[in-house]
1. Considering only region 275-289, how many residues are of a type outside the set (D, E, K, R) and open to solvent by 60 Å² or more (accessible area, probe 1.4 Å)?
2. Gln185 - would you say it is assigned to a helix (DSSP H, G or I), of a type in the set (S, T, N, Q) and more than 15 Å from Ala8 (Cβ to Cβ)?
3. Listed residues Asn202, Asn223; which is open to solvent by 30 Å² or more (accessible area, probe 1.4 Å), outside any loop (DSSP other than H, G, I, E, B), polar (S, T, N, Q) and over 30 Å from Thr23 (Cβ atoms)?
4. Which ones in region 296-316 are over 21 Å from Asp367 (Cα atoms), touching a residue at least 24 places away in the same chain (Cβ under 8 Å) and surrounded by fewer than 22 Cβ atoms within 10 Å (Cβ to Cβ)?
5. Picking from Ala292, Ala349, Ala341, Ala324, which residue would you name as being open to solvent by less than 50 Å² (accessible area, probe 1.4 Å) and closer than 30 Å to Ser45 by Cα?
6. Report every pair of residues separated by at least 6 positions or lying on different chains whose Cβ atoms are under 7 Å apart, first residue within region 259-277 and farther than 14 Å from Val313 by Cα, second exposed (fewer than 15 other Cβ atoms within 10 Å of the Cβ) and not hydrophobic (A, V, I, L, M, F, W, C).
7. How many residues does region 246-274 hold that are open to solvent by 40 Å² or more (accessible area, probe 1.4 Å), within 26 Å of Asn295 (Cα to Cα) and in contact with a strand residue (DSSP E or B) (Cβ under 8 Å, 6 or more places away or on another chain)?
Amino acid sequence: MKKNNMVAMILAGGRGSRLFDLTKKVAKPAVHFGGKYRIIDFALSNCANSHISTVGVLVQYESILLSSYSARSSTWGLDSKGGGVYVLSPREKDETGLGLYAGTADAIYQNLDFLDQEEADYVLVLSGDHIYKMDYDKMLKCHQESGAEATIAVIEVPMKEASRFGIMNTDENDRIVEFEEKPKQPKSNLASMGVYIFSYKNLKKYLKEDAKNPDSQHDFGKNLIPAYLNDGLKLQAYRFKGYWKDVGTISSLWEANMDLLEDNSGLDLFDPDWKIYTDDASATPQCIGENAKINNAFITQGAIVNGEVSRSVIFSGAQVEEGAKVEDSVIMNNAVIGKGAKLVRCLVADDVRVPDGMKLGKKNSEDILLVSKASIAKAGEDHE
């Protein structure tokens, strides 16, 4: 058996319904981000940079694109001998028949045979839809030194926002003494990041017990973690100080992209010591026209800009035509902003064409306008 072998399991089956049209045909972790990346690139790159050789990607909703994408182990340098990226979808079993993953804990339970096969000592459970860079090896060392059965990564959030998260209450040694799911009156501001390390032997036992409980929601936060606490097992908090964002809404996805324009946001995609890898398909160079005006923009290869771009992120293959003005916006892959169009505080979905002269978004609005093919079609109908 490999010494201290940690296997990563990335939960990537979410529907991402709060991203509306962006996830109608693709799973949330497969949504594009930051010009040329997909959201799941961050979890996979963190694994590669943390020297984790074996990664399971648990897919479910709209899994075809995500499965074929994730299976390219070499993209993230995870194709070493004895390792790789394994796509794990719900499958029919003799004892259970055919069923979907019933919850986060059930997803791991259904793949205990995979973890047994990989001779896991520790299991790292991750979400495939968060933007952050973390050294999981440091977290494993914390787990081992503390003697905990489970270690949960936490990040300090503003106290006024703590009720939106699962909150970990700890003692003076950061041992978790209580877990509260979205408490109305939180006792601390240590929010769970949805990053867990479990010692496998006990995890396997608790997953089997949870699977037999008809009243369980088979969820780590709602069922497994409380069960560990109720039985007096040691749970340790691992404090993370870097950038982290759950991009589960249009506003948060827009904000994370806009953070790329800020020097002090903590989200650095140019760091040579912690690269974010992606399937960097061949693309033409970016093209900036002679009449283009650009101010503080993040423009990816393959983009063509002939209009004005200010405080915006322009993805691969996107085009901003002459006379168009794009401000405080995110223009995703292969979208086209027609001549004379004006966009403010918008997020334009992949492959959308904004008609010439169309005006979208409001400068002082608190909301971000999602521009999709459906919304463009409706705008055209309303105009008629």
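The values are calculated or read from the model by the stated rules, or taken from the named source; none is laboratory data. These numbers come from a predicted model, not from an experiment. Cβ coordinates were reconstructed from backbone atoms using ideal geometry, including for glycine residues, and neighbour counts include every protein chain displayed. Heavy atoms of the whole protein, side chains included, go into the accessibility calculation; ligands, DNA and RNA do not. Shrake-Rupley method; radii C 1.70, N 1.55, O 1.52, S 1.80 Å.
1. Adding up the residues that qualify gives 8.
2. When the stated conditions are applied, Gln185 does not pass them.
3. Asn202
4. Asn296, Phe298, Thr300, Gln301, Ser316
5. Ala349
6. That search, which allows pairs on different chains as well, returns Gly266/Gly242.
7. The number of residues fulfilling the criteria is 1.
Yes or no, residue by residue, for (1) under 19 Å from Ala43 (Cβ atoms); (2) among the aromatic types (Phe, Trp, Tyr); (3) modelled with pLDDT under 95; (4) open to solvent by less than 40 Å² (accessible area, probe 1.4 Å):
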{"residue": "Lys141", "(1), (2), (3), (4)": "no, no, no, no"}
{"residue": "Gln144", "(1), (2), (3), (4)": "no, no, no, no"}
{"residue": "Ala153", "(1), (2), (3), (4)": "yes, no, no, yes"}
{"residue": "Gly166", "(1), (2), (3), (4)": "yes, no, yes, yes"}
{"residue": "Arg175", "(1), (2), (3), (4)": "no, no, no, no"}
{"residue": "Ala227", "(1), (2), (3), (4)": "no, no, no, yes"}
{"residue": "Asp231", "(1), (2), (3), (4)": "no, no, no, no"}
